[in-house]
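S.K.: Here it is, the structure in full.
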Amino acid sequence: MSSPKLMTVYGTRPEAIKVAPFIRAAVNDERFKTVTVSTGQHREMLEQVNTMFGISPDYDLAIMEPDQSLNQVLGRVIKGLDEILIKEKPDVVIAQGDTTTAMAAAIAAFNHGARVAHLEAGLRTGDIFSPFPEEANRRLICQVSSLHLAPTPEAKENLLREAIPECDVVVTGNTVIDALVEAQKWQVEFSDSKLQGLTADQKIVMVTTHRRENIKAMAAIGRAMRALAMHFPDVTLVLPAHLNPKVRAAVFPEIQGLDNVIVTEPLPYDQFTKLMGMSTLVLTDSGGVQEEAPSLGKPVLVMRENTERPEAINAGTVRLVGTSQDKIVEEATLLLSDKNAYDKMANAVNPYGDGKATDRILNALAEMFGVGQRSPDFSAS
Ligand code: UD1
Ligand code: UDP
């Protein structure tokens, strides 16, 4: 056959970070033709990543409106992609993860008879309502996918338990580690003056929160930050705040007026990973941050009731603490005051990838179309 056409669709910050290494490599891979579509589900937060990795999508649906419902996002992405699919006729559409953009892209592609390749396939919490709506999104994408690119052996096992044929699953590692490896090569200064005085020898706690199902708990997360800031005046807490106004409305009132709490706008990826590298401890409900911090040897307290990423918990670097104020304060206090407890968690582990996921993904796609051979699966050992 002539070169198969890959169409990559993404729309939010974490998808952009995770597809960036893949898009850049695919464009230079002579086995394929490529087309790249941004849905624009995010705006400023997506633009930061496109700029950083030098990616200009061929199409931008620019669908972001403040406070859209999930169904508005879904409807507008499917409608916008419909026209592009008719024009471009891709052989395979690549969707990353579990956002509404990814689910919409998979369904739209399937309805056009294109094959779907799912990056970061096989993550499961087992609770369809948590995270919401991501657990349902990833299961829906799975149902219409022909190639399941699982980041870890555990994710592959989840897929096999759901009777996905083993020959359709490839373990690739997560491209977030490819992105992180690249970002670590960049020399970067903080652009926010509030961060410019930070030094690596002081104690920094990085906090991120944005999950939809956590919005009700976010005031408690803010109160936990306040309690930690007051109990540990020598520790600086930094919150690069998500742009969702609901997140800001819940957290900001709880952390006002504290000298050792810094709130910033979303940080460009290179500055964010620099800050993570300087941090003593990370408190987060993010998926991507749970994957990155372990490879930097940073203990992570995950402020969620469950996680689809058990690998770093099993490796001892991540602990699930839920969203109650008392529990967050208790667990963070232990790590900030007990060196033995801290040292036990502060191990650099790489269960999520070795920086070579992109090559494995391209080779798996090449095999699918008879223009190459897949690589051996990623294994963390
Ligand atoms: C989305 C994904 C979630 C992912 C997260 C990463 C869905 C259902 N959720 O959640 O899986 O973990 O992105 O951050 O797909 N906003 C801006 N500018 C931006 C981005 C967001 O103003 O650049 C504001 C808008 O008011 C927007 C709101 O944030 O309506 C929420 O954005 P949305 O994409 O709906 O959900 P997220 O919570 O970001
Ligand atoms: N991130 C970033 N700047 C920030 C916060 C996060 O570049 O201010 C990066 C982070 O390194 C990770 C990704 O964004 O790669 C995670 O995005 P988010 O937490 O929004 O979404 P999730 O991973 O939970 O879907």
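Throughout, read-outs are computed from the coordinates displayed, never taken from laboratory work. Being a predicted model, the structure only gives us computed values, none of them experimental. All Cβ positions, even for glycine, are placed from backbone atoms using ideal geometry, and neighbour counts span all protein chains on display.
S.K.: Between Ala315 and Glu65, how many nm apart are label points set 7 Å from Cα along the C-beta direction?
M.R.: It works out to 4.3 nm between the two label points.
S.K.: Moving on. Near Lys87, which aspartates and glutamates are there with a Cα under 18 Å away, not counting those fewer than 8 places off in the same chain?
M.R.: Qualifying aspartates and glutamates at Cα under 18 Å: Asp58, Asp60.
S.K.: If each of Asn306 and Met230 carries a label point 7 Å out from its Cα toward its Cβ, how far apart are those two points in nm?
M.R.: It is 3.5 nm.
S.K.: Helix 134-144 against the longest principal axis of the chain: what's the angle in degrees, Cα atoms only, rounded to the nearest 10?
M.R.: Once rounded, one gets 10 degrees.
S.K.: Now a separate question. With only Lys, Arg, Asp and Glu charged, each at its Cβ (+1 for the first two, -1 for the last two), find how big the charge dipole of segment 306-381 is about the Cα centre; round to the nearest 20 debye.
M.R.: Dipole of segment 306-381, to the nearest 20 debye: 100 debye.
S.K.: What angle do you read, to the nearest 10 degrees and between 0 and 90, between the alpha-carbon axis of helix 13-27 and the longest principal axis of the chain?
M.R.: The two axes meet at around 40 degrees.
S.K.: Taking square-rooted eigenvalues a ≥ b ≥ c of the alpha carbon gyration tensor, is segment 86-132 rounded, prolate or oblate, where a/c under 1.5 means rounded and, failing that, a/b exceeding b/c means prolate? Please report the intermediate quantities before stating the final value.
M.R.: Working: a/c = 3.06, a/b = 2.31, b/c = 1.33.
Note, shape of segment 86-132 comes out prolate.
S.K.: Testing the spin-label approximation: label points 7 Å from Cα along Cα→Cβ at Ala249 and Glu157. State their distance in nm.
M.R.: About 4.2 nm, to one decimal.
S.K.: Please report, largest first and rounded to whole Å, the three semi-axes of the ellipsoid equivalent to segment 118-220, where each semi-axis is the square root of five times an eigenvalue of the C-alpha gyration tensor. It would help to have the intermediate numbers written out before the result.
M.R.: On the way: eigenvalues 238, 87, 23 Å².
With the √(5λ) rule applied to segment 118-220, the semi-axes are 34, 21, 11 Å.
S.K.: Hey, what do the phi angles of segment 244-261 turn into as Karplus ³J(HN,Hα) couplings, whole Hz, using 6.51/-1.76/1.60 and θ = phi - 60°, x for Gly and Pro?
M.R.: For segment 244-261, the Karplus-derived couplings read 4, x, 5, 5, 5, 5, 7, 8, 4, x, 7, 10, 6, x, 10, 5, 9, 10 Hz, x marking Gly and Pro.
S.K.: Per Stokes-Einstein, at 37 °C and 0.692 mPa s, what whole-number D in µm² s⁻¹ belongs to the chain, with the Kirkwood radius over Cα pairs as the hydrodynamic radius?
M.R.: 156
S.K.: May I pose another question? Take the residue pairs Lys216/Lys327; Lys194/Lys274; Lys18/Lys89; Lys298/Lys339; Lys5/Lys156; Lys194/Lys344 and return only those whose Cα atoms are more than 20 Å apart.
M.R.: Listed pairs above 20 Å: Lys18/Lys89; Lys5/Lys156; Lys194/Lys344.
S.K.: Continuing with this model, one more query. Give, as ranges by residue number, the residues of segment 216-244 whose backbone N falls under 11 Å from the point 7 Å along Cα→Cβ of Glu47.
M.R.: none
S.K.: OK, next. Pull out the extension gain between Gln196 and Val181, defined as 0.36 nm times the separation in residues minus the alpha carbon to alpha carbon distance; nm, one decimal. Spell out each step's value before the answer.
M.R.: Working: separation 15, 0.36 × 15 = 5.40 nm, distance 2.33 nm.
So the chain would gain 3.1 nm between Gln196 and Val181.
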